[in-house]
Amino acid sequence: MSEARSKTATVSSPRSQNTARALGTAFAEYGRIAKTLHLLRVVDPVDDTYRRQMNRQLTVQESRHKLARDICHGKRGQIMQAYRTGQEDQLGALGLVLNAAVLWTTRYLDAAVEELRALSAEEREHDVLDEDVARVSPLKHANLNVLGRYSFRSSTPVDGGLRPLRDPGTPELDEDDDGGQE
């Protein structure tokens, strides 16, 4: 009986292998179709919308990685823990700080846009267009100080809102400038 089973298994085995091979080949061909369509859309000389979308997405990802590198500057942006759990802890902390920085920047960008829109047309230099606001990214981080010491004392304004925005008419101070005071 065991001989009959082995003969049956041997006879049916090539058939199932051929089916699996044909299915694998079909998936590979389908993947080639998708890849070809992707490449044709990228090199399309008439319509470059797809290429622009790809570049925009790459720019967003690169901006996020640059912000993460700037925040994680202590070890030159490298994860130094030897064990997987230590690495996961470091990456988790980096993600938390990164998200907090993006949230903080988003809230203040929203406040700045609302303040600009509240100004009369005579008071502002330019109109605040929705298309322009859609392109503003909270991943730009020139406003964040990632070097030095930090104080985490509560500095919440009395009304629970945001601190006042900087007046654009005042000149910005350099890092070593004390505003003219000696």
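Of note:
- Taking the conditions (1) assigned to a loop (DSSP other than H, G, I, E, B); (2) at pLDDT 80 or above in turn, Ala112 satisfies each one other than (1).
- Restricting Leu162, Leu147 to those that are at pLDDT below 85 and surrounded by 11 or more Cβ atoms within 10 Å (Cβ to Cβ) reduces the list to Leu162.
- In the range 107-118, the residues that are more than 25 Å from the chain's Cα centre (by Cα) and surrounded by 11 or more Cβ atoms within 10 Å (Cβ to Cβ): Glu115, Leu116, Arg117
- Ala121 open to solvent by less than 80 Å² (accessible area, probe 1.4 Å), out of contact with any helix residue (DSSP H, G or I) (no Cβ under 9 Å at 6 or more places or on another chain), in a loop (DSSP other than H, G, I, E, B) and closer than 30 Å to Pro164 by Cβ: yes
The values are calculated or read from the model by the stated rules, or taken from the named source; none is laboratory data. Keep in mind that this is a model prediction, so the values were computed, not measured. Positions of Cβ are backbone-derived with ideal geometry, glycine not excepted, and every protein chain shown enters the neighbour counts. The area values use the complete protein model at the heavy-atom level, side chains included, leaving out ligands, DNA and RNA. Shrake-Rupley method; radii C 1.70, N 1.55, O 1.52, S 1.80 Å.
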